[in-house]
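Asks: Just dropping this structure here.
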Amino acid sequence: MQQLIKKLLGVKNLLFLATAYTIFISIGLLLPSQGLLPSQDKIPFDKIAHVLINCVLVVTWLSFFYIKEKKMMSITTIYAVFGVCLLYGIVIEVLQHIFTTYRQADLLDVVANAIGLLLGVGLFRRIKDKIFN
């Protein structure tokens, strides 16, 4: 079982997972969302979704780079992954504004993305040794 887990956490599999997840959320965030989330009367489900999506996004990419760099990832790599993921979220918001009529760009979505990324970096730093050792 441990061999299977090590194989699944290999660099190629993590690259595939991170890339597939990025493509999946790109498509999901550019498609109509009518009826996907509950109404936002009391709880901002949309913002919670952005936080969770970006938390998982940064953890998957950090996991890939952690294994790729043989568990010696520098703080520069963490900042770079965070920055690219944040830029990615901004680009998605701009694409929603330019190319869709059913979605709109929202600055609060970018803030929720950043919060999710920060949570993801913190989560990754706490669990990386437990998962990859």
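The values are calculated or read from the model by the stated rules, or taken from the named source; none is laboratory data. On a predicted model such as this, the values are computed, not experimentally measured, just so you know. Glycine gets a Cβ as well: all are built from the backbone with ideal geometry, and neighbour counts include every protein chain shown.
Asks: Can you tell me which residue within the stretch 75-105, out of those that are modelled with pLDDT of 90 or more and of a type in the set (Gly, Ala, Ser), is nearest to Leu9 (Cα to Cα)?
Replies: Within the stretch 75-105, the match that is nearest to Leu9 (Cα to Cα) is Ala80.
Asks: Also, I was wondering about something else. Being among the aliphatic types (A, V, I, L, M) and modelled with pLDDT under 85 narrows it down to one residue among Leu36, Leu15; which is it?
Replies: Working: Leu15 fails: modelled with pLDDT under 85.
Answer to the check: Leu36.
Asks: Now a separate question. Return a yes/no flag: does the stretch 84-101 have any residue that is of a type outside the set (Ser, Thr, Tyr), more than 15 Å from Ser26 (Cα to Cα), exposed (fewer than 15 other Cβ atoms within 10 Å of the Cβ) and over 13 Å from the mean Cα position of the chain (by Cα).
Replies: So the first thing to find is which residues in the stretch 84-101 are of a type outside the set (Ser, Thr, Tyr), and the list is 84-87, 89-99.
Next, only the ones that are more than 15 Å from Ser26 (Cα to Cα) stay: none.
No, the conditions are met nowhere in the stretch 84-101.
Asks: Here's a follow-up. Which residue pairs have Cβ atoms closer than 7 Å, lie 6 or more positions apart in sequence or on different chains, and pair a first residue in the stretch 17-30 that is surrounded by 14 or more Cβ atoms within 10 Å (Cβ to Cβ) with a second residue that is outside any helix (DSSP H, G or I)?
Replies: From the stretch 17-30, the pairs are Leu30/Thr100.
Asks: Identify the residue in the stretch 61-81 that is assigned to a loop (DSSP other than H, G, I, E, B) and not charged (D, E, K, R) and, among all such residues, is surrounded by the most Cβ atoms within 10 Å (Cβ to Cβ). Full working, then the answer.
Replies: So the first thing to find is which residues in the stretch 61-81 are assigned to a loop (DSSP other than H, G, I, E, B), and the list is 69-74.
Now restrict to residues that are not charged (D, E, K, R): 72-74.
On the way: Met72: 7, Met73: 19, Ser74: 10.
Ranking the qualifying residues of the stretch 61-81, first place goes to Met73.
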